[in-house]
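The values are calculated or read from the model by the stated rules, or taken from the named source; none is laboratory data. Just so you know, these numbers come straight off a predicted model, no measurement behind them. Note: ideal-geometry Cβ built from the backbone for every residue, glycine included; neighbour counts use all protein chains shown. The accessibility values were calculated without ligands, DNA or RNA, using every heavy atom of the protein model including side chains. Shrake-Rupley method; radii C 1.70, N 1.55, O 1.52, S 1.80 Å.
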Amino acid sequence: MRFGVDEAGKGPVLGSMFAAAVRAEPGSLPAGVGDSKGIAPERREQLAAEIRSAADAVAVAEIPVARIDDPETDMNALTVAAHAEALSGVASDGLAGTVDAGDTDAERFGRRVADRVTADVTVTAEHGADETDPLVGAGSIVAKVARDAHVATLGETYGDVGSGYPSDPTTREFLANYVTRHGDLPDCARTSWSTCEDVLAAAEQATLGEF
């Protein structure tokens, strides 16, 4: 029995980041488990359900916008926190496993995650582990499905918000239109992101141009 942990939604300008931990025997996982980014959404949902059925335990942690925008923290610390909070949901003394390194220094990242887990666990951190470790790949899929569901909920509240990533024209259009209508950013926006600063600056410039 081992664990794997990965996160989804580190880079978007909208919504929460999620991390998922999966505790299982690697051989019990469904075929096709791997990096969630290369799997179609419908297939991800199917795999996530199969992973939850096959695993000994699955836990998901959410890092909301308020924590992401907190000036007292940064994304490295929040990624450590997300991994540790998810891992704490499946951890037990003596358990070992792998997390996808969210820091340029993989060893440091693994050490920081382990230090935040109460149980005595052995954490190995590797870059690209979602592509090489089936359990980390399983965590990637579960986390991504949680993030997708979250974005769908945002869509029910605000209309089409796109993927939430700064590179998505639909997301940028949503933010620009929202600021034009309301004069401020929506609650789901990560206001500390440069994308939000750009949208506000563009809106202000457009207003000045009217005079």
Seminar exercise, completed: Scoring only Lys, Arg, Asp and Glu (+1, +1, -1, -1) among other residues with Cβ under 15 Å from the Cβ of Asp160 yields -2
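Using 1/(1 + (r/R0)^6) with R0 = 35 angstrom and r between the beta carbons of Asp70 and Glu25, what's the FRET efficiency to the nearest 0.05? It would help to have the intermediate numbers written out before the result.
Values: r = 38 Å, r/R0 = 1.09.
It comes out at approximately 0.40.
Once whole DSSP H runs in the chain are found, which of them have Cα atoms spread over 24 Å or more along the helix axis and a mean Kyte-Doolittle score of at least 0.0? All intermediate terms of the calculation are to be shown ahead of the outcome.
Numbers: long enough: 134-158 (36 Å, 0.52).
Those that clear 24 Å and a mean of 0.0 are 134-158.
If you place +1 on the Cβ of every Lys and Arg and -1 on the Cβ of every Asp and Glu, how big does the dipole about the Cα centre of the range 76-211 come out, in debye to the nearest 20?
Values: 9 positive and 23 negative charges, 32 e Å.
Approximately 160 debye in magnitude.
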Problem set entry | Probe 1.4 Å, accessible area per residue of the chain, Å² | 47 Å²
Seminar exercise, completed: With -39,500 (n - 2.57) per DSSP H segment of 4 or more residues and division by the full residue count of the chain, the 222 nm estimate, nearest 500 deg cm²/dmol, is -15000 deg cm²/dmol
Seminar exercise, completed: Carbon and sulfur atoms account, in whole percent of the 1.4 Å probe accessible area of the range 1-153, for 46 percent
